[in-house]
Amino acid sequence: MSLDPDPERAALLREVAAEIRETEDAEQVAALVHRVSDLYDPEEQTTTEEIRRAMAFVLEVKERGGIDR
């Protein structure tokens, strides 16, 4: 799979990476790596945009203090 250069996406990923580093939350890192791995799994039907949205949701939930809040 070859991804076209996308400066906006690169910036977004770096922003997310910075947030993860600031929180030092291993679960977020694991979720990101797992979702990205879906891109390379022939059994999965996902896109980079779906991964971005999923990770944005994870970060929003974390910021609000959890899913139960």
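The values are calculated or read from the model by the stated rules, or taken from the named source; none is laboratory data. What you see is a predicted model, and the numbers here were worked out from it, not measured in a lab. Don't worry about glycine lacking a Cβ; one is built from the backbone with ideal geometry, like all the others, and counts go over all protein chains shown.
So which residues in the stretch 28-51 are modelled with pLDDT of 70 or more and under 19 Å from Gly66 (Cα atoms), if there are any at all?
Result: Gln28, Val29, Ala31, Leu32.
Quick test for you: out of Glu24, Glu19, pick the one residue that is at pLDDT below 75, touching a Leu at 6+ places or on another chain (Cβ under 8 Å) and not hydroxyl-bearing (Ser, Thr, Tyr). Break it down into steps so the answer makes sense when it comes.
Numbers: Glu24 fails: touching a Leu at 6+ places or on another chain (Cβ under 8 Å).
On inspection, the qualifying residue turns out to be Glu19.
Quick check on my filter: what residues within the stretch 32-45 are surrounded by 14 or more Cβ atoms within 10 Å (Cβ to Cβ) and either outside any helix (DSSP H, G or I) or not acidic (Asp, Glu) (or both)?
Kept after step one, since they are surrounded by 14 or more Cβ atoms within 10 Å (Cβ to Cβ), are these residues of the stretch 32-45: 32, 35-36, 38-39.
Result: Leu32, Arg35, Val36, Leu39.
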